[in-house]
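First comes the structure, then the notes that go with it.
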Amino acid sequence: MQRLTHQTRCFDGFTLDLTRGCLLRGTQEIKLRPKPFEALKYLVENPGRLISKTELIEVIWPDTAVTDDSLVQCLIEVRRALNDDAQQMIKTVPRRGYIFDQPVRDNASITSVTTVTEESGVQLIIEEEETNGHGVIDAQALPAARSIGLISAHKATSIERLTTAIKQHKWAAAIGVLTLAVAAAGTVYFTRPGEAIDSVAVMPFVNVSADPNMEYLSDGLSDSIINRLSQLPGFKVIALNSVLRYKGKQTDPQVIGRELNVRAVLMSRLVQHGDDISISTELVDVRDNRHLWGGQYNRKLADIMTVQTEIAQEISQKLRLRLSGEEKKRLTKRYTENGEAYQLYVMGRYFRRTRSEKGFQKSVDYFEQAIKNDPNYAPAYAGLAGTYAFLGGSGLLPPKEALQKEEWAALKALEIDSDLAEAHAAMAALVRKRDLNWSASEDEFKLALELNPNSVDAHQNYAMSLAAWGRFDEAMLHLKRAEEIDPLSPITKAEIGNLFYFSRQYDRAIEQFQKIIEMDPNFAPAHNRLQRAYLAKGMYEEAITEQKKAIASDQPEGRWGRVADLGYAYAVAGKRAEAQKILDDLKELAKQRYVSPNAFAVIYMGLGDKDQAFVWLEKTFEARPDNLYFLKVGPQYDSLRSDPRFADLLRRMKLA
């Protein structure tokens, strides 16, 4: 008999073979490059211990200076190999490091046993993974095993390979071993603990009363629960934008699960009678439509904060999520004890989602009222900062005024709660816009995503920062993650189309924008960006037609920006008179309200008037440099790139 022992570490169905330097799941080897293997090895050898980024970098790259990005990419590869995108095994502890959160069976070995009975000529080869005594069958205690040789103590779900080479007779011995293996497999399979569910869609609460004044609350409850669950690093929670598309529709949970690619769906109903509210919830496993949990809450409206916290806790428990103490605290954290402030905050978020001038104004008003009720309510300040960013970006407020208010609110949110993901995301956008400090902005985005890995806004905005630098592959990773979380959002899909456009993949950009329009014919940005891709391909008439659709689809207050792009399309197509008329109309409009100088720069670029184009680009840089984020990669600037003034502008944008 010959026995070959390897140094191994076993966890959750995986075997890390330290002797051969490979990762196995069952008998299948999972390819890992050397650096990701070293990262996994170190984490597995230190289960349950917080390992700082610095420590892990020093282990993986002992003699090389690398950035945090190298470590992040390394761990992305490890998590992909472990099918751990939900971060149930390798958990991120924001601003501190990583924990390998799985029990590890040390020194479990993959043992090759060969027993040869010379008289009979029977040779049986068994390779299997030993365990640490949980669900173990001691093969040595069984007569059939003793009759043919050594078989390691075995956990049935870990049987890796059974190969028999029977030269002569002795079938009974071989069948005995096979029976043993199958029986062990069945024993452990049917007694294994419940598997954690790693994804959920929290559907909009059905407003049973049909009271339009309660719509903010029915959406707001879903929003609040989603926000709480999205902070858990090992869990995918579908964004509110995607689940809102099912609002008012009778949809089967299994259909929702299939369309959103989740394992569980929470369905809820809300009834209000004066100050009393009644909430009923049902959590469904969409694989078999099995009822996992249901709850009934009869409370006062003032207690609504407690209800949404309790529901989030129940979901985490019923889905069998393994949460650390810190994660449990984040799940139940109360940002205010003032029920009225909370309701005003929910209304601020509700009206901001309308993306209209009137909605933004109401959003500001409700956030300010929430702050008045509780001056230490950090999320309300972060929400206010976000609304001012929209107001400035859409030209509904003069940019300098909007920036000052955005800065005050973002800094106040961080001052109150330095662990608030939304505050760091707001600060990331602010330092990029105010200081053109791309590096500091990137750090803030990374921190925001550590605190809330499911933040669609943070993934989208960080991706566009990366795109501005031409880091398209990294940007696509974040947009694909945002798309997983918010699969029905046309915004994320449009940003993916933008990446194709910036990287000069015009046919792929056209295909992407056409798909979005098929999904949502009234989504103005898709028409606008399709127009740009058509122009880049020299398809001028198609571009003009598409831009007219963009103008017709947009909110009235945002149409002047779309009109400027139509002027550019006319100019590039050689229709100079039409372009000049739009230019004159915009100059008249600028006497009545704010119009971004970039609108004029765009049309002059189309007309080929470089001097005027640079005059207005300079004015754009002084007033709103964020309009020039894509100066480095935007195809519309190609006609200016050879001019020394362009290189100087690129340098001052800190994009050189």
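Values in this text are rule-based calculations from the coordinates and carry no lab data. Computed from a prediction, not measured in an experiment: that's the story for all the values here. Virtual Cβ from ideal backbone geometry, glycine too; neighbours counted across all protein chains shown.
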Neighbour-count order for R228, R355, fewest beta carbons within 10 angstrom listed first: R355, R228
Total formal charge among the other residues, if their Cβ is under 11 angstrom from that of E622, Lys/Arg +1 and Asp/Glu -1: +3
Gyration tensor verdict on the stretch 2-105 (Cα atoms; rounded if a/c is under 1.5, prolate if a/b is larger than b/c, oblate otherwise): prolate
By average C-beta atoms within 10 angstrom, highest first, the peptides 245-258, 630-643: 630-643, 245-258
Contour excess over end-to-end distance, with Cα ends at Q612 and W408 and 0.36 nm allotted per residue: 69.9 nm
Label-to-label distance, nm, for residues given as N213 and K619 (7 Å Cα→Cβ offset): 4.8
Modelled FRET efficiency - R0 35 Å, K328 with A590, Cβ distances, 0.05 increments: 0.05
FRET efficiency, 1/(1 + (r/R0)^6) with R0 35 Å, evaluated for D638 and R33 via beta carbons: 0.40
Phi to ³J(HN,Hα) by Karplus 6.51 cos²θ - 1.76 cosθ + 1.60 over the stretch 589-595, Hz, x for Gly, Pro: 4, 5, 6, 9, 8, 6, 10
Estimated vicinal HN-Hα couplings, Hz - the stretch 618-631 in sequence order (Karplus 6.51, -1.76, 1.60; Gly, Pro = x): 5, 5, 5, 4, 6, 8, 8, x, 5, 5, 10, 4, 9, 4
Hz values of 3J(HN,Hα) by residue in the stretch 75-86 - Karplus curve (6.51, -1.76, 1.60), Gly and Pro given as x: 6, 4, 5, 5, 5, 5, 5, 8, 6, 10, 4, 7
Residues of the stretch 305-332 with amide N under 15 Å of a point placed 7 Å along Cα→Cβ from R96: 323-331
Considering only the stretch 199-331, percent of DSSP beta bridges that pair antiparallel, nearest 5: 75
Segments 520-532, 378-390, 591-603 sorted - mean Cβ within 10 Å per residue, highest first: 378-390, 520-532, 591-603
Packing-based order for 295-304, 259-268, using average beta carbon neighbours within 10 Å, highest first: 259-268, 295-304
Cα→Cβ-extended label distance, 7 Å offset, between C22 and D252, nm: 4.3
Estimated inter-spin distance, I76 and R471, nm [label 7 Å along Cα→Cβ]: 1.0
